Amino acid sequence: MTVKAYGAYAADKPLESLDIERRAPGPHDVQIDIAYCGVCHSDLHTVRSEWGGTIYPCVPGHEIVGHVSAVGEHVTNFKVGDTVGVGCLVDSCQHCASCAEGLEQFCENGFTGTYNGVTPDAPGHTLGGYSQRITVSDKFVLKITHAEEQLAAVAPLLCAGITTWSPLRHWNAGPGKKVGIVGIGGLGHMGVKLAHALGAHTVAFTTSEGKRQDALDLGADEVIVSRNADEMAAHAGTFDFILNTVAASHDLDAYTALLKRDGTLCLVGVPEHPHPSPDVSALIFKRKAIAGSLIGGIAETQEMLDFCAANGIVSEIEMIQVQAIDEAYDRMQRSDVKYRFVIDNASLAA
Ligand code: NAP
Ligand code: ZN
């Protein structure tokens, strides 16, 4: 079936309206009418081919929420009308050791991303949530139990939420732990909310003086403007865990210096250009670690959504019409969004 979408034909071209094909639901598929789609910095990196390897036309979007409009004959856990979400994954091998542990994002045979992933469906690569409808295997569909009027603000949980939740849980953010969140953008503002809700002493690091009060309102116990060396030095050697969401290359030593013995700096930002090499001695002398983390598995994503619904947590959003997407990318590039753009997919019909 043909549906309207928004995407780019080349790295240096603006996004534009295009028609795409969606497969009819197979026996295990769920067809979703997309209501809203969040705008992740990964969308921008991919559309502009900042990481290389983008397949065009590129229709981004992996923070998808909407309603089930059809199900395949073997689907038992979803029915027409259900409110659901789809994040960064739409398929994985389902039989490797990582998939068996519910860590589909680390599928040893390669997961299929919601966009820019290889698929048998036309045109041979996946097309994401900047579209009216999507058909997804039921194993990769999430249940949403937030109130219907919160739906647009739930969309960013499908990437920004899970990408911060998974490392916070893995490194045991909670009571008695001092946790830093670096970069108060789409991911970072969710990281602050979630670390706070998990009971950690939460410290927000921002380059933007104008986000100081906001970070406190989001749940930070303290805010550090990272350009201020004195403010940084006051926290040397005190953090159990620091989650770094910054989308640009920068000096990591400024953060490893703040870790306690055995502390971890976890990177989730994927900058276009590499970070300068970290100072190894700063790691060796206090057995500190620099780690990475990739989104989260399906079961863990459901756990995060349920936790957020139970604790009244959603994203702070600015709703846009899809026609404003290039301007939204430019503003995101300048860190000028509080704190996530979300597309009203009804605007695709315009
Ligand atoms: P975003 O909304 O643009 O937020 C990034 C934040 O980083 C900005 O708001 C800004 O916060 C800070 N920042 C930007 N440029 C900076 C610079 N030059 N120096 C220091 N700080 C800077 O982006 P996002 O959607 O949260 O995504 C962040 C990164 O994570 C992207 O690279 C994205 O591709 C990646 N990502 C990774 C995963 C994963 O699974 N690992 C998943 C999703 C996204 P302040 O104004 O507070 O300084
Ligand atoms: Zn994302």
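To keep it simple, each residue is scored yes or no on (1) away from ligand 1 (no atom under 16 Å from the Cβ); (2) of a type in the set (S, T, N, Q); (3) open to solvent by 50 Å² or more (accessible area, probe 1.4 Å); (4) more than 14 Å from the chain's Cα centre (by Cα).
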| position | (1), (2), (3), (4) |
| --- | --- |
| Ser293 | no, yes, no, no |
| Ala309 | yes, no, no, yes |
| Val322 | yes, no, no, yes |
| Glu327 | no, no, yes, yes |
Any hit, the stretch 82-93, residues being in a loop (DSSP other than H, G, I, E, B), away from ligand 1 (no atom under 16 Å from the Cβ), modelled with pLDDT of 95 or more and surrounded by 20 or more Cβ atoms within 10 Å (Cβ to Cβ): no
Total residues in the stretch 308-346, condition within 16 Å of ligand 2 (Cβ to nearest atom) and β-branched (Val, Ile, Thr): 5
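Given the condition under 15 Å from Phe140 (Cβ atoms) and within 16 Å of ligand 2 (Cβ to nearest atom), answer yes or no: does some residue in the stretch 40-49 qualify? Quick ask: steps written out before the conclusion?
Looking only at the stretch 40-49, we keep the residues that are under 15 Å from Phe140 (Cβ atoms), and these are none.
Among the residues of the stretch 40-49, not one is under 15 Å from Phe140 (Cβ atoms) and within 16 Å of ligand 2 (Cβ to nearest atom), which makes the answer no.
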Residue list for the stretch 173-190, restricted to those being small (Gly, Ala, Ser) and either within 16 Å of ligand 2 (Cβ to nearest atom) or open to solvent by 20 Å² or more (accessible area, probe 1.4 Å) (or both): Gly176, Gly183, Gly185, Gly186, Gly188
Out of Ser315, Ser281, Ser335, sole residue that is open to solvent by 30 Å² or more (accessible area, probe 1.4 Å) and in a loop (DSSP other than H, G, I, E, B): Ser335
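Of the residues in the stretch 191-237, how many are in a helix (DSSP H, G or I), open to solvent by less than 10 Å² (accessible area, probe 1.4 Å) and more than 16 Å from ligand 1 (Cβ to nearest atom)?
Of all residues in the stretch 191-237, those in a helix (DSSP H, G or I) come to 191-197, 209-218, 229-233.
Okay, now just the ones that are also open to solvent by less than 10 Å² (accessible area, probe 1.4 Å), so 191-192, 194-195, 215.
Next cut, more than 16 Å from ligand 1 (Cβ to nearest atom) only: none.
The total comes to 0.
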Out of Val86, Val3, sole residue that is within 15 Å of ligand 2 (Cβ to nearest atom) and among the aliphatic types (A, V, I, L, M): Val86
Near pairs, Cβ below 8 angstrom, 6+ apart or cross-chain, from the stretch 203-224 (touching a residue at least 24 places away in the same chain (Cβ under 8 Å) and over 19 Å from Tyr255 (Cβ atoms)) to any residue that is among the small types (Gly, Ala, Ser) and assigned to a helix (DSSP H, G or I): Gly219/Ala195; Gly219/Ala197
Residue that is surrounded by the fewest Cβ atoms within 10 Å (Cβ to Cβ) [pool: residues in the stretch 157-172 that are outside any loop (DSSP other than H, G, I, E, B) and in contact with a Phe, Trp or Tyr (Cβ under 9 Å, 6 or more places away or on another chain)]: Pro167
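Restricting attention to the stretch 41-81, report how many residues are away from ligand 1 (no atom under 16 Å from the Cβ), assigned to a loop (DSSP other than H, G, I, E, B) and open to solvent by 30 Å² or more (accessible area, probe 1.4 Å). Write out each step before concluding.
Filtering the stretch 41-81 for residues away from ligand 1 (no atom under 16 Å from the Cβ) gives 55-57, 59, 65-81.
From what is left, the residues that are assigned to a loop (DSSP other than H, G, I, E, B) are 55-57, 59, 72-81.
Pick out the ones that are also open to solvent by 30 Å² or more (accessible area, probe 1.4 Å) and you get 55-57, 73-74, 76-77, 79-81.
Total meeting the criteria: 10.
The values are calculated or read from the model by the stated rules, or taken from the named source; none is laboratory data. Keep in mind that what you see is a predicted model, and the values were worked out from it rather than measured. Using ideal geometry, Cβ is built from the backbone for each residue, glycine included, and neighbour counts are taken over all protein chains shown. These area figures cover heavy atoms from the full protein model, side chains too; ligands, DNA and RNA do not enter into them. Shrake-Rupley method; radii C 1.70, N 1.55, O 1.52, S 1.80 Å.
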